[in-house]
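Beneath this line is the structure, given in structure tokens, with notes to follow.
The values are calculated or read from the model by the stated rules, or taken from the named source; none is laboratory data. None of the values given here were measured: they were computed from a predicted structure. Don't worry about glycine lacking a Cβ; one is built from the backbone with ideal geometry, like all the others, and counts go over all protein chains shown.
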Amino acid sequence: MIRTLRLVLGDQLSPSVSSLDGIDPERDVVLFLEVAEEGTYVPHHKKKIALILSAMRHFAADLESDGYRVDYVKLDDPDNRGSFTEEVARAVERHKPARVAVTEPGEYRVLQAMRGWEARLGVPVEILDDSRFFASVRDFADWAEGRKQLRLEYFYREMRKRHRILMDGADPVGGQWNFDQDNRKRLPDEVFPPKSPAFAPDVITEEVLALVEERFGDHFGDLRPFDFAVTRAGARAALDDFVEKRLPRFGDYQDAMARGEDTLFHSVISIYLNIGLLDPKEACSAAEAAYRSGHAPLNAVEGFVRQILGWREYVRGLYWLKMPVYRYMNHLEASRPLPAFYWTGETDMACLGAAVDQTRRTAYAHHIQRLMVTGVFALLADVHPDAVNEWYLVVYADAFEWVELPNVTGMALFADGGIMASKPYAASGKYIDRMSDYCKGCRYDPKHATGPKACPYNFLYWDFLARQRERLKGNPRLGMIYRTLDRMDPGKVAAMRDQAQIFLDDLEKETRQWQSDQAPRKSGTFG
Ligand code: FAD
Ligand code: DLZ
Ligand code: SF4
């Protein structure tokens, strides 16, 4: 008799995942389920689906060759019932295990389903902690308890101390916790970032690519060229390549954007961390070793470690602390639809056109593109958080709700009313002009705030501040900006607000037309 049926989900592809703890190779079965519902509850980017299915198949094959009993249900299995719940039920009928073990999932939606399994299946179902993070859900809740504000900086310092990363005794290496001030350079013309490595598809990946084209061909995004790593060895090679070639300048150009440069000095490892092919601890150790050996400077290494040990852990803790209400937050009462150009890329705004084009091609954009280009525009344009969240969850290969939702609702949209960020990241076109070369090739001009050449970020920025005055005026970090607004010529403010109104209404009209021209979209969790 099968003792334990061990279910491994598509973002749990680590040998150390808790659902495999204490596995008995003779009497246990490891179960993998390719199910249509996970590809369509929102219509994910084709590259994202291919990454996950191919990585699942490779991981399962490795386990099998290591001597474990694997039951792998493929998407095109004629008996496949299409959802985790139905397929676990079918596997329980097949194997009649004494119990089912699974590691807690990364999305609340799936956890809710899992909580109903024991009653449905009639066997004990053990949902185990996910130990692949520095902080457990409980650790974060303990840290948050009794605090008025949940600011990243304090959580991050605790994590540095607790995990002894970049520490000299009780003090941070270099005498300071944060080198953000050094990390805001624009990319100079003579600096050419090394490309991140490309991994050619093997036979397994080619089979998956054909399947994805057949089953999800109408989803957003280009499937080919497909050059993600799909194994742990490939993911580790991607990390090593980053540490060797890009980490030394990661800090300097962390906030820069440039035409034709999709990845700059970023690591492009979130896809591997989030599906389990890389361990966050090994990423931080590799970066710290590069600092200790003199290969990379402290501003780069600290900046990178802060993203993983700080932000990544913090957003996960916040997600599980605040769900399910976090998913429905809309503090600024934003109400407009997501502009059609987020899907089509058809816009005269060069920065947005570039971000959407890159996202369609690669299922990747770096942090500042996500935050300060597509994110800020959605904030200023009053787009409803549901529509923005759905877009980010669909289009990025690294998007799972635990990490996507806080970044969108909390960081980009201020829809949580300041649980995550101390003020909205609202910015005018000046920011994009300072940090990129997009504006040079744009029909708009970041120096104009009204008139035909005015950069939309400019009039939308001041309109946003004026429109949200009642909600935001008490924010101490916005006091100076509201004083500037109040000192502006009222005629200029009125002109910017009129132009914003016309611009947003036209955009909404075009979007509604585009929506009605589309075949009805599949409904997702974000409606
Ligand atoms: P690097 O810049 O090289 O950073 C190193 C690592 O730090 C990343 O791989 C990632 O694991 C981690 N990291 C950095 N910033 C964050 C952050 N804010 N939150 C969590 N982890 C972070 N990240 C996702 O993994 N999935 C998402 O769905 C996602 N959605 C986002 C949506 C918005 C609106 C914003 C502003 C950010 C989002 N991020 C998301 C965070 C960040 O943009 C990506 O992690 C990063 O761009 C991935 O590229 P990289 O691996 O080259 O990162
Ligand atoms: C995203 C995704 C997709 C597209 N397909 C599968 C799948 O067929 N089987 C699977 O186990 N996981 C898949 N995933 C990842 C899941 O959506 C993810 O595990 C849950 O959202 C929980 O984080
Ligand atoms: Fe973007 Fe405005 Fe610059 Fe055009 S001018 S690229 S819209 S910031």
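Observations on the model:
Residue by residue, here is whether (1) closer than 30 Å to ALA500 by Cβ; (2) surrounded by fewer than 23 Cβ atoms within 10 Å (Cβ to Cβ); (3) away from ligand 3 (no atom under 16 Å from the Cβ) holds:
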position	(1), (2), (3)
TYR291	no, yes, yes
PHE304	no, no, yes
ILE308	no, yes, yes
LEU318	no, no, yes
ARG336	yes, yes, yes
PRO385	yes, no, yes
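- Of the helices (runs of 4 or more DSSP H) entirely within the stretch 30-118, those holding at least 2 residues that are without any contact (Cβ under 8 Å) to a residue 40 or more places away in the chain and over 13 Å from VAL8 (Cβ atoms) occupy 84-95, 108-115.
- All of (1) more than 15 Å from ligand 1 (Cβ to nearest atom); (2) in the same structural domain as TYR438 (by TED's automatic domain parsing); (3) not β-branched (Val, Ile, Thr) hold for ARG336 with one exception: (2).
- Condition met for LEU507 (at pLDDT 95 or above, under 21 Å from CYS439 (Cα atoms), in the same structural domain as CYS351 (by TED's automatic domain parsing) and part of a helix (DSSP H, G or I)): yes
- Out of VAL408, VAL376, one residue alone is aliphatic (A, V, I, L, M) and either in the same structural domain as ASP262 (by TED's automatic domain parsing) or within 17 Å of ASP463 (Cα to Cα) (or both). It is VAL376.
- Test for TYR328: is it within 28 Å of ALA141 (Cα to Cα), crowded, with 23+ Cβ neighbours inside 10 Å, hydroxyl-bearing (Ser, Thr, Tyr) and out of contact with any Asp or Glu (no Cβ under 6 Å at 6 or more places or on another chain): no
- From PHE400, PHE377, PHE414, residue being aromatic (Phe, Trp, Tyr), near ligand 3 (Cβ under 9 Å from one of its atoms) and under 29 Å from ILE308 (Cβ atoms): PHE377
- Any hit, the stretch 302-319, residues being modelled with pLDDT of 95 or more, within 20 Å of ASP398 (Cβ to Cβ) and not in a helix (DSSP H, G or I): no
- Filter result for GLY429 (within 27 Å of the chain's Cα centre (by Cα) and either near ligand 3 (Cβ under 9 Å from one of its atoms) or on the phi < 0 side of the Ramachandran plot (or both)): yes
- For the criterion of being surrounded by 14 or more Cβ atoms within 10 Å (Cβ to Cβ) and over 19 Å from ASN407 (Cβ atoms), LYS148 fails.
- Verdict on LYS161 being without any contact (Cβ under 8 Å) to a residue 24 or more places away in the chain and assigned to a loop (DSSP other than H, G, I, E, B): no
- Residue within the stretch 263-270 that is of a type in the set (Phe, Trp, Tyr), part of a helix (DSSP H, G or I) and over 30 Å from VAL208 (Cβ atoms) present: no
- Conditions (1) under 20 Å from TYR457 (Cα atoms); (2) out of contact with any strand residue (DSSP E or B) (no Cβ under 7 Å at 6 or more places or on another chain); number of the one not met by ARG336: (2)
- LEU187 touching a residue at least 12 places away in the same chain (Cβ under 8 Å), in contact with a strand residue (DSSP E or B) (Cβ under 7 Å, 6 or more places away or on another chain) and not small (Gly, Ala, Ser): yes
- Failed condition for LEU380, given (1) surrounded by 20 or more Cβ atoms within 10 Å (Cβ to Cβ); (2) over 16 Å from the mean Cα position of the chain (by Cα); (3) without any contact (Cβ under 8 Å) to a residue 40 or more places away in the chain: (3)
- The one condition in (1) at pLDDT 95 or above; (2) over 23 Å from the mean Cα position of the chain (by Cα); (3) among the aliphatic types (A, V, I, L, M) that LEU239 fails to fulfil: (2)
- Residues of the stretch 360-412 classified as more than 8 Å from ligand 1 (Cβ to nearest atom) and not in a helix (DSSP H, G or I), total: 6
- Filter pass, ARG138 being part of a helix (DSSP H, G or I) and exposed (fewer than 12 other Cβ atoms within 10 Å of the Cβ): yes
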